[in-house]
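Right, one structure below, let's go through it.
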Amino acid sequence: MTATPHLNTEHPKHNLTGFIIFLCSESVIFLAFFSGFALLKTAALNWLPPGVEGLEWRTPLLNTVVLISSSGTIWLAERCMSKGNLMGFRAFWLLTMALGAYFLYGQAVEWSGLQFGFTSGVFGGTFYLLTGFHGLHVATGVFLMGLMLVKSFIPQNYAGGEQGVQATSLFWHFVDVIWIILFVLLYVWQRS
Amino acid sequence: MTSATFPPSPPENTSWSRYFGFNTDAKVIGIQYIVTAFFFFLIGGLLAMIIRGELITPPADLVDRTVYNGIYTMHGTIMLFLFIFPVLNGLNNLLIPTMIGAPDMAFPRLNAVAFWLVPIFGALLIGSFFVPGGPAYSGWWSYPPVSTQNPLGHFINGQGLWITAVALSGVSSIMGAINFVTTILRMRSPGMGFFMMPVYCWTALAAQSLQLIGLPALTGGAVMLLMDLSFGTSFYQPEGGGDPVLYQHFFWFYSHPAVYVIILPVFGIFSELFPVYSRKPLFGYVYVCLASFIIVALGLVVWVHHMFPSGVAQWMRNFFMFSTMLIAVPTGVKVFAWLGTIWRGKLRLTTPMLFCLGGLFNFVFAGITGIMLATVPVDIHVSNTYFVVGHFHYVIYGAAVMGIFAAIYHWFPKFIGRMPYEGLGKLHFLLTFIGANLNFLPMHPLGLMGMPRRVSSYDPEFAFWNVLASLGAFLLGVSIIPFLLNMVSAWVRGPKAPHNPWNAIGLEWLLPSPPPEDNFGEHVPTVISRPYGYGTGAPLVEHQAEIEKQLTLQEASA
């Protein structure tokens, strides 16, 4: 490494801009999956594989409620932080993490009870692709929150801009909105 | 700002070793990108030589048919994902920070990671030549069902490596795009509003926005393709309820805009260079800037024109034919702006200017065949023939690569600090221009006569035009020799370049050659007028006279 030290520092004030641009780009992958799903479903002759009646919606609905309320708790956590209440921030942040983890648990329970697999035609393929890819984002979100929680114990870390927290919270709302669209597509729109 | 603090002194550390490691300086990364890209360019070019060697005679006598399928697939993939995109990212790294007066990119480490992904996925792609079954052989589109076949049954196969490499290339490009867009939006010098920005930055912003919107769709489609190939899903398999045409939508939703990702920065290069070598302001600056974003908007809704014969609905054919033709309007605005710039200018026919003029000529030709291809009946008639191959290569080689060469000759003195040789440069131009036209023009009559693409043997009636095309291709191969010779010898022992050898106007020309590591550092000049003030005498920045005097004194004392 031969560069002078000051050049190797990042420009933290641009991090949020970069992250928002990333989220816009990331949303296009979901858009691609959603439009692919809609195209395949509307064109399908037999959407459901033999022996499958449809998707059970009660557990996922509970999961939806959990995920939407976690968007509220993360907002409360951010508010606590902006008021300088670090303990309140940690409490709501941890609650959000717990809700996220519960969502992942609920998803795992749902997956284990299904009679179709990833390779059961396009129905199974799209179902696991959409829920799996979204679940990966939820897991990433929980991981990022854990990272921010640990960082909150570093003294003076949040004295200046809290861009990491802002970015994580933004990511969490994004994951939430994606889930709502996903829930409507997969569970509400059952009849082909 | 006092002139005593400016200009910054030239860089002290110019050791070669920094080009071989993880460096976060945008100018080092830029050169790393460009040199890596040209390494792969030679491999892709060698494959092109094999293709044209095979096609110089009607029977399939040079390589095995299956090998041939792998060769054209890899030629296309390497040239796009390992040459054109990296070389443009290299130019972006060199030009964007210096043109807007930023010390470096917004995210220097992300920038270096994005670069180092290139040799990694390059190795994956080249490595696929050595796996059982050889490289991917389904063409650079990799349409299913061909691309979801795995006859040998190995988990690691050419097609799987191809998809992984393309997905990694997407990750690298997204990282680059986030960086370029953030840098342009947030790090411009004082006084540089959007309509004071050089056109190259406008076109880079437009092109990188397209990357951000388009690439995720391709990545999503590629993930599903990999699942079909390796894990037995049926997203694109009709027997499982899937639809192969869905992949074509994903693929072209990105890969058509990808052509604009390539050509927009080249429009930027033309817009930078024509004013310099015509000594006139860019004609219609504001319209040229805005046309870039009109191209972005329209470029996102033309992709189905690649799928006219794929069984899409008639309304789609009509809509996409219309939207494709509409793109000729903003593109035409640019072409006329360049002609208006050259018109009655004091032309200086240097190597970069010759490449620009040649590139513009080829681009107009490609634009005409493009309008022909947009028309549904013509497109269906010549679909999958050499007409399409000819059109595409006029755009990519005839216009884009020639524009890139122009940029390299133009900015070489700035970033290397030495002058390239004019004689070798002009020889390079002459061979490239003749070679490209001799190579790609005969493809049009061949396509109209009905010669299909991606075949290694053909009817003897096509022989005449194929011989011409192959001779042109070999000429193009030869044209690289003076280029490489020029670059290497100029870098090693070329005459020292002054800070502004072409008498150009722009922030990058107010830096020493080569610029110091943090460019202007703390002393970024304030921009007070629009770019391209040639012949107007208006200074670009505050204290311009003092800055230039200091730079000249610095050079005289060196």
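The values are calculated or read from the model by the stated rules, or taken from the named source; none is laboratory data. What you see is a predicted model, and the numbers here were worked out from it, not measured in a lab. Please note: Cβ atoms are built from the backbone with ideal geometry, for glycine as well, and neighbour counts cover all protein chains shown. Accessible surface areas use protein heavy atoms only, side chains included; no ligands, DNA or RNA. Shrake-Rupley method; radii C 1.70, N 1.55, O 1.52, S 1.80 Å.
Hey, what angle do you get for helix A:86-112 against the long axis of chain A, alpha-carbon based, 0 to 90 degrees rounded to 10?
So the helix axis and the longest Cα principal axis differ by about 20 degrees.
Using DSSP H assignments, which helices in chain B have an axial alpha-carbon span of 30 Å or above and a mean Kyte-Doolittle hydropathy of 1.0 or higher?
Counting only whole DSSP H runs, the qualifying helices are B:26-55, B:158-186, B:199-231, B:244-278, B:351-374, B:463-493.
What percentage of all Cα-Cα pairs in the protein assembly as shown are separated by more than 45 Å?
27
Under the rule a/c < 1.5 gives rounded, and otherwise a/b versus b/c splits prolate from oblate, where does segment A:93-136 land using the Cα gyration tensor?
oblate
Provide, in order from the shortest bin, the percent of all Cα-Cα pairs of segment A:54-188 in each 5 Å bin, continuing until the bin that contains the maximum pair distance.
Reading the bins upward from 0: 2, 10, 21, 21, 15, 11, 8, 6, 4, 2, 0.
Using unit Cβ charges (K, R positive; D, E negative) and no other charged atoms, how large, in debye to the nearest 20, is the dipole of chain B about its Cα centre?
About 960 debye.
How large is the convex hull of the C-alpha atoms of chain B per residue, in Å³?
Here the figure is 140 Å³ per residue.
Could you give the length gained by full extension between B:Leu349 and B:Ser489, i.e. 0.36 nm per residue of separation minus their alpha carbon distance, to one decimal place?
Using 0.36 nm per residue and subtracting the Cα-Cα distance, I get 48.2 nm.
Efficiency by 1/(1 + (r/R0)^6): what FRET value for B:Thr526 and B:Arg109, r their Cβ-Cβ distance, R0 = 22 Å, to the nearest 0.05?
Efficiency computed from Cβ-Cβ geometry: 0.15.
If I take R0 = 30 Å and measure r between the Cβ atoms of B:Leu448 and B:Val478 in this structure, what FRET efficiency does the formula 1/(1 + (r/R0)^6) give, to the nearest 0.05?
It comes out at approximately 0.55.
Helix-only mean residue ellipticity at 222 nm, the protein assembly as shown, DSSP H runs n ≥ 4 weighted -39,500 (n - 2.57), per residue, nearest 500. What is it?
After summing the helix terms and dividing by residue count, I get -22000 deg cm²/dmol.
Can you tell me the length gained on complete extension of the stretch A:Ile68 to A:Lys13, counting 0.36 nm per residue apart and subtracting the Cα distance?
16.9 nm
So, R0 is 45 Å and r is the distance between the beta-carbons of B:Phe319 and A:Tyr105; what FRET efficiency does that work out to, to 0.05?
The computed FRET efficiency comes out at 0.45.
Over the whole of B:210-216, what's the average partner chain Cβ count within 10 Å per residue? Rounded to a whole number, please.
Whole-number average of other-chain Cβ neighbours for B:210-216 is 4.
Would you mind calculating the relative contact order of chain B from Cα pairs under 8 angstrom and at least 6 residues apart, reporting the percent as a whole number?
Computed over chain B, the figure is 19 percent.
Please compute, for the alpha-carbon atoms of segment B:288-419, the extent along each of the three principal axes and give them in descending order in Å.
For segment B:288-419, the Cα spread along each principal axis is 56, 30, 27 Å.
Given labels modelled 7 Å from the Cα in the Cβ direction, how far is it in nm from B:Ile368 to A:Trp189?
4.6
Name all residues of segment B:309-352 having a backbone nitrogen under 13 Å from the label point set 7 Å from the Cα of B:Tyr287 along its Cα→Cβ direction, giving them as ranges.
B:329-341
Under 19 Å from the 7 Å Cα→Cβ point of A:Leu147, by amide nitrogen: which residues of segment B:178-196?
Answer for segment B:178-196: B:178-179.
If you line up the long axis of helix A:15-43 against the longest principal axis of chain A, both from Cα atoms, how many degrees apart are they, to the nearest 10?
Roughly 0 degrees, rounded to the nearest 10.
Give me the accessible area buried between chains B and A, both sides summed, with a 1.4 Å probe, in Å² rounded to the nearest 100.
3000
Could you tell me the number of lysine pairs in the protein assembly as shown with C-alpha atoms less than 16 Å from each other, where the two lysines are 8 or more residues apart or belong to different chains?
The result is 4.
Can you tell me the order of B:155-166, B:212-223 when each peptide is scored by its average per-residue count of other Cβ atoms within 10 angstrom, highest first?
My ranking of the peptides, most packed first, is B:212-223, B:155-166.
What accessible area per residue comes out for segment B:21-197, rounded to a whole number of Å², with a 1.4 Å probe?
31
Just need the relative contact order of segment B:21-197 here, percent rounded to a whole number, with Cα pairs under 8 Å and 6+ apart.
That works out to 29 percent.
Binning at 10 angstrom from zero up to the longest distance, how are the C-alpha pair distances of segment B:192-241 distributed in percent?
22, 28, 19, 15, 12, 4
Taking the 0 to 90 degree range and rounding to the nearest ten, how far is the long axis of helix A:58-82 tilted relative to the main principal axis of chain A, both from C-alpha atoms?
10
Taking the Cα-to-Cβ direction at B:Glu239 and at B:Ile434 and moving 7 Å from each Cα, how far apart do the two end points lie in nm?
According to this spin-label approximation, the distance is 5.6 nm.
Per residue, how many Å² of accessible area does chain A show with a 1.4 Å probe?
Heavy-atom SASA per residue in chain A reads 49 Å².
Just by accessible area at a 1.4 angstrom probe, what is the order of B:Lys414, A:Lys13 from largest to smallest?
Ranking B:Lys414, A:Lys13 by accessible area, largest first, yields A:Lys13, B:Lys414.
Projecting each Cα onto the charge dipole of the protein assembly as shown (Lys/Arg +1, Asp/Glu -1 at the beta carbon, about the Cα centre), which of A:Thr131, B:Ile380, B:Phe365 comes out farthest on the positive side?
Positive-most Cα among the choices belongs to B:Phe365.
Based on the Cα coordinates of segment B:40-139, what is the per residue volume of their convex hull in Å³?
Hull volume normalised by residue count: 106 Å³.
Using a 1.4 Å probe on the protein chains only, how many percent of the accessible area of segment A:54-188 belongs to carbon and sulfur?
Using a 1.4 Å probe with all protein chains present, segment A:54-188 comes out at 72 percent carbon and sulfur.
Would you work out what percent of the accessible area of segment B:79-216, with all protein chains in place, is carbon or sulfur (probe 1.4 Å)?
Looking at segment B:79-216 in its full context, I get 76 percent from C and S.
Please report the accessible area of A:Phe123 (heavy atoms, 1.4 Å probe, ligands and nucleic acids excluded) in Å², nearest 10.
A:Phe123 has an accessible surface of roughly 10 Å² with all protein chains in place.
Please state the relative contact order of chain A as a whole percent: Cα pairs under 8 Å, 6+ residues apart?
Averaging sequence separation for qualifying contacts and normalising by length gives 29 percent for chain A.
In a solvent-free Debye calculation with one equal scatterer on each Cα, what is log10 I(q)/I(0) for segment B:392-466 at q = 0.14, 0.17, 0.21, 0.25 Å⁻¹, listed in the order of the q values?
-0.59, -0.74, -0.93, -1.14
Mind checking the dipole of the protein assembly as shown: about its Cα centre, +1 per Lys or Arg Cβ, -1 per Asp or Glu Cβ, Debye to the nearest 20?
1100
Give me the percent of Cα-Cα pairs in segment B:21-197 that sit more than 19 Å apart, rounded to a whole number.
The calculated P(r) of segment B:21-197 puts 61 percent of pairs beyond 19 Å.
Buried by at least 20 Å² relative to the chain on its own: which residues of segment A:21-43 qualify, computing accessible area with a 1.4 Å probe on protein heavy atoms?
For segment A:21-43, once contacts with the other chains are taken into account, A:Ile21, A:Phe22, A:Ser25, A:Val28, A:Ile29, A:Ala32, A:Phe33, A:Gly36, A:Leu39, A:Leu40 lose 20 Å² or more.
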